[in-house]
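Take a look at this one; I'll ask things after.
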Amino acid sequence: MLPEWQILSAVLDVHSKSSASKFIDEVCWRTYWKGWLELRPSVWKDYISELAEDRERCKKDVDYTQIITARSGIAAMDAWTSELIETGYLHNHTRMWYASIWIHTLKLPWTLGADFFLRHLLDGDAASNTLSWRWVAGLHTQGKVYLAQESNICKFTAGRHALEIPLATQSAEIKTSQKNTTPRILAAYDEPIPSGRVGLLVHEDDLSAVNWLAASSELVAVAGMLPLAAYQKYGIEEKVIQFRSDCMRSLLPEKAEIFNCPKKVAEWAHLQKLDAVIMAAPPVGIWDDLILDLESSLAALGLVVIKRRHWWDAHFYPAAGAGFFKYKKLIPSALDKLVDQATNL
Ligand SMILES: Cc1cc2nc3c(=O)[nH]c(=O)nc-3n(C[C@H](O)[C@H](O)[C@H](O)COP(=O)(O)OP(=O)(O)OC[C@H]3O[C@@H](n4cnc5c(N)ncnc54)[C@H](O)[C@@H]3O)c2cc1C
């Protein structure tokens, strides 16, 4: 919701680049995953169709049902499941252990685990979540899987959790149609803004657009969109929707309305006599179909949708085609620009 550049700008106000370098890298992982998926949208589509098949196949699977209701009988997994459901959060280590036990020890489909996380995590993100599950499963980097170790879990949880079963020491056999496809060329999103009345539409993936897009054009109206039908389609929990709605409400101007479907946005645009709607380009994920609906609802009224990509994403995304360590070389120049432009985020 708050993008990486905004978080890092706040961090650099109080810490030096060198003292915050580990944290900066962590935050840049998020941009990396987003860029990686943006370059390969078919990976998300494949995940969605594989998920539908796995869900059908496993709907009566006892292990699956028990694990997602915190009744697996493995105390650690049950505690983490309850924590996820209650709080909408798990620490990064726990997410890795959980995914590893799910995939390699319990031999459940990774897609169902990714779906379970996406439905409950307050920070649920199509790119970071799907690609992290793929990484644990060994689908991301050839020959590399993540296998959780009991000693590591004991060390970092101070022995709090019993593991009643031995953890897998080798990868489960993963049947998948997923491939790491060749990266596509990204759209530049640099079409000129037509003259006339322009309205800003803010979506939940980048609430900071209310600042950086407002600074780039003369706006006559601002509104938000929370895609409720898409949330329902993906089974996103009510608590997560409420969290996103509260975040959006707190960042939009007081009088700005929040819509939940393209039709309502089109009505607003019509009422405001807009000629164009500008918005941050939504990332690959749950907005995939929605953006097409939105564009056609507005086109029916003769309005264009102008999409923009923040310079931070435009800087990093093309480099996310390769591994993180090559991509990481772009961090220093991005931080320099961030410090220079701190007033215009
Ligand atoms: C199986 C699995 C699923 C995950 N699902 C998500 C998800 O849906 N959404 C999500 O944002 N992250 C996801 N992550 C990455 C990471 O676990 C979370 O970003 C992190 O735990 C969030 O907690 P924090 O804010 O306390 O992070 P901190 O450790 O304080 O890190 C600060 C910030 O850096 C970013 N970050 C840190 N590590 C990563 C990482 N490995 N990948 C991407 N960003 C990172 C996040 O924006 C995070 O808020 C997942 C990781 C795994 C292993």
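The values are calculated or read from the model by the stated rules, or taken from the named source; none is laboratory data. Predicted model only: the values in this text are computed from it and were never measured. Neighbour counts are summed over all protein chains in view; Cβ atoms, including those assigned to glycine, are modelled from backbone coordinates with ideal geometry.
Within region 251-274, can you find the residues that are at pLDDT below 95 and surrounded by fewer than 17 Cβ atoms within 10 Å (Cβ to Cβ)?
253, 254, 255
I need a count of the residues in region 6-26 that are farther than 18 Å from residue 211 by Cβ and within 10 Å of the ligand (Cβ to nearest atom).
Looking only at that region, the number is 5.
Then there is this: When you go through 50, 56 one by one, which is the residue that is part of a helix (DSSP H, G or I) and within 20 Å of the chain's Cα centre (by Cα)?
Criteria check complete, one pass: 50.
So residue 32 ticks every box in (1) assigned by TED's automatic domain parsing to the domain that holds residue 332; (2) surrounded by fewer than 21 Cβ atoms within 10 Å (Cβ to Cβ) but one. Which box is left unticked?
Tallying (1) assigned by TED's automatic domain parsing to the domain that holds residue 332; (2) surrounded by fewer than 21 Cβ atoms within 10 Å (Cβ to Cβ), residue 32 fails exactly one: (2).
Output the number of residues of region 60-109 satisfying the condition of being among the β-branched types (Val, Ile, Thr) and touching a His at 6+ places or on another chain (Cβ under 8 Å).
Qualifying residue count for the region: 1.
Condition check: more than 11 Å from the ligand (Cβ to nearest atom), polar (S, T, N, Q) and touching a residue at least 60 places away in the same chain (Cβ under 8 Å). Does residue 42 satisfy that?
So residue 42 passes the test.
Same structure, new question: Determine which member of the set 164, 204, 173, 150 is surrounded by 12 or more Cβ atoms within 10 Å (Cβ to Cβ) and away from the ligand (no atom under 15 Å from the Cβ).
150
Then there's this: Suppose the filter is on the phi < 0 side of the Ramachandran plot and in contact with a helix residue (DSSP H, G or I) (Cβ under 7 Å, 6 or more places away or on another chain); does residue 140 pass it?
yes
If you don't mind, another one. For region 114-137, does any single residue satisfy the condition of being in the same structural domain as residue 73 (by TED's automatic domain parsing), modelled with pLDDT of 95 or more and more than 12 Å from the ligand (Cβ to nearest atom)?
Among the residues of region 114-137, not one is in the same structural domain as residue 73 (by TED's automatic domain parsing), modelled with pLDDT of 95 or more and more than 12 Å from the ligand (Cβ to nearest atom), which makes the answer no.
Right, something else. Does any residue in region 76-89 that is more than 16 Å from residue 121 (Cβ to Cβ) and of a type in the set (Asp, Glu) come within less than 6 Å, Cβ to Cβ, of a residue that is at pLDDT 95 or above and not in a helix (DSSP H, G or I) six or more places away or on a different chain, and which pairs are these?
Hits for this filter: 78/70.
Filter region 302-328 down to the residues that are farther than 23 Å from residue 278 by Cβ and out of contact with any helix residue (DSSP H, G or I) (no Cβ under 8 Å at 6 or more places or on another chain), then identify the one that is surrounded by the most Cβ atoms within 10 Å (Cβ to Cβ).
Selected residue: 323.
Across region 95-111, what is the number of residues that are of a type outside the set (Lys, Arg), surrounded by fewer than 22 Cβ atoms within 10 Å (Cβ to Cβ) and more than 8 Å from the ligand (Cβ to nearest atom)?
So the answer is 3.
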